[in-house]
Amino acid sequence: MARVVHVDLGERGYAIRIGRDITPGETLDARAARRVLLVSDSNVEPLYGERCRRALAGRGQETVTAVVKAGEDSKSIENVKSLCEKAAAAGLDRSCAVLALGGGMVGDLAGFAAAVFLRGVKLVQAPTSLLAMVDSSVGGKTAINLSAGKNLVGAFHQPVEVTADLDVLATLPEREYVSGLAEVVKYGIIWDAVLFETLEKQAEAVLKRDASLLEDIVARCCAIKAEIVAMDEHENGVRSILNFGHTLGHAIETVAGYGRLLHGEAVALGAAYAARVSRAEKGLPEEAARRIVGLLERFGLPASLNAAGLGAASWEPVRRAMAADKKTRGGLPRFVLAESVGSVVFGCEVGEETLAKAFEGLRES
Ligand SMILES: NC(=O)c1ccc[n+]([C@@H]2O[C@H](COP(=O)([O-])OP(=O)(O)OC[C@H]3O[C@@H](n4cnc5c(N)ncnc54)[C@H](O)[C@@H]3O)[C@@H](O)[C@H]2O)c1
């Protein structure tokens with residue numbers, strides 16, 4: 001039995017199915033979407049590719065498989081080209097679908113290929129990492145990286161279905177699982193103080209991947225994201241709160257080099273930074289800032305530069321990378337800042353001195 005969360009976007013709306021032992025592609029009409037391009041990475045495909053192909057074959061669909069190397073470097077324009085070439089060679093037409101089986105990297109890459117191939121074909125997201133289940137597979141953002149920064153080329157392309165089979169989390173490496181928890185904590189900070197409190201109280205069970213707790217948490221995070229996306233699909237306003245912790249997080253990922261820090265680890269560092277800036281700019285109570293840092297640390301996420309192994313990082317390159325962020329206007333980054341746990345404001349401009357001081361404060365824990 002799967003739990004279902006709906007993303008209400010009118011004719012572009014879709015269901016997110018969350019459960020155990022469920023397979024993707026159920027919403028595809030086998031007569032219309034005869035052929036499916038299954039995109040996965042070199043870690044996930046050997047584990048779950050065959051099961052997925054069998055499920056599709058059982059529904060009368062033919063599968064063509066494309067496997068990219070695991071890792072953030074694969075979110076490249078070269079891989080978009082080779083996926084599109086493969087789709088064309090396999091005779092995929094506009095009725096066909098791309099199925100992304102993997103973490104956020106595969107989802108973003110395959111999603112972008114689905115957005116541009118033949119000016120857009122159907123996309124099914126089958127997220128296999130915690131981060132992809134609670135965040136990247138929902139909402140229609142797809143992207144690849146440039147050397148100038150992450151996600152600088154992309155498109156909004158909503159999936160027709162998201163299927164999160166929680167069973168696959170059993171093989172997710174611990175560091176990757178914990179990285180996904182950073183986005184879970186983010187939902188607590190930006191939207192849901194009760195979720196935040198649950199994470200605090202049940203931290204141990206969360207870390208042990210307790211089955212029913214995990215189902216509740218993934219479903220809650222998806223419901224929050226669905227609600228926000230339905231209000232502001234193209235991020236003209238409130239959707240930007242999902243970027244809490246990402247302004248510094250993306251800059252740190254760029255400066256440290258992709259792959260040094262996992263996405264969630266960079267977001268955790270960014271959340272701890274945003275909490276410091278929020279103290280100075282929005283009067284976030286000391287106690288709330290302490291709870292944010294405390295929960296991140298409880299999960300083993302880096303909440304200081306030292307903890308991230310970046311104790312020697314200097315501010316200037318990070319500030320320059322922030323200026324290159326696609327959400328920056330005229331070199332001035334906009335921040336999402338917290339007023340309390342569960343409530344944030346977006347579009348905040350912050351003075352240079354405060355930004356630099358908060359970065360220095362981030363060295364210690
Ligand atoms: N589109 C969006 O809205 C959005 C939101 C947040 C993050 N992102 C993007 O998501 C990416 C990060 O996603 P991620 O953390 O899932 O990284 P990832 O896709 O690189 O996956 C992490 C690692 O876990 C492995 N893996 C995944 N599922 C597994 C499983 N079930 N068993 C064993 N191994 C498994 C992968 O092979 C990889 O080595 C970044 O590129 C980030 O920019 C996108």
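Of D93, D108, D167, which residue is out of contact with any Gly (no Cβ under 6 Å at 6 or more places or on another chain), buried (at least 24 other Cβ atoms within 10 Å of the Cβ) and of a type in the set (D, E)? Can you show your working first?
Values: D93 fails: buried (at least 24 other Cβ atoms within 10 Å of the Cβ); D167 fails: buried (at least 24 other Cβ atoms within 10 Å of the Cβ).
Sole residue among the options that is out of contact with any Gly (no Cβ under 6 Å at 6 or more places or on another chain), buried (at least 24 other Cβ atoms within 10 Å of the Cβ) and of a type in the set (D, E): D108.
Kindly establish whether A266 is within 13 Å of the ligand (Cβ to nearest atom) and either assigned to a loop (DSSP other than H, G, I, E, B) or at pLDDT 95 or above (or both). If you could, list the steps in order and put the result at the bottom.
Values: within 13 Å of the ligand (Cβ to nearest atom): yes; either assigned to a loop (DSSP other than H, G, I, E, B) or at pLDDT 95 or above (or both): yes.
Judged against the criteria, A266 is a match.
In the set V184, V238, V178, only one residue is under 25 Å from A2 (Cβ atoms) and of a type outside the set (K, R); that residue is V184. Remark: pairs (first residue in segment 125-140, in contact (Cβ under 8 Å) with a residue 40 or more places away in the chain and within 13 Å of A182 (Cα to Cα); second residue within 6 Å of the ligand (Cβ to nearest atom) and of a type in the set (D, E, K, R); Cβ separation under 8 Å; 6+ apart in sequence or on different chains) = S129/E176; L130/E176; L131/E176. Inclusion of L169 among residues that are within 12 Å of the ligand (Cβ to nearest atom), among the hydrophobic types (A, V, I, L, M, F, W, C), in a helix (DSSP H, G or I) and out of contact with any Lys or Arg (no Cβ under 8 Å at 6 or more places or on another chain) is not warranted.
Restricting attention to segment 39-55 and to residues that are more than 7 Å from the ligand (Cβ to nearest atom) and part of a strand (DSSP E or B), the residue that is farthest from F117 (Cα to Cα) turns out to be S40.
Taking the stated definitions as given, is R319 more than 23 Å from S179 (Cα to Cα) and part of a helix (DSSP H, G or I)?
Working: more than 23 Å from S179 (Cα to Cα): yes; part of a helix (DSSP H, G or I): yes.
Here the answer is yes, as R319 does meet what is asked.
Inclusion of A313 among residues that are within 20 Å of G257 (Cα to Cα), assigned to a helix (DSSP H, G or I) and modelled with pLDDT under 95 is not warranted.
Exactly one residue out of A115, A100 is modelled with pLDDT of 95 or more, more than 7 Å from the ligand (Cβ to nearest atom) and out of contact with any helix residue (DSSP H, G or I) (no Cβ under 7 Å at 6 or more places or on another chain), and it is A115.
The values are calculated or read from the model by the stated rules, or taken from the named source; none is laboratory data. In this text the structure is predicted, and so the values were computed from the model without any measurement. Ideal geometry is used to build each Cβ from the backbone, glycine not excepted, and the neighbour counts take in all protein chains shown.
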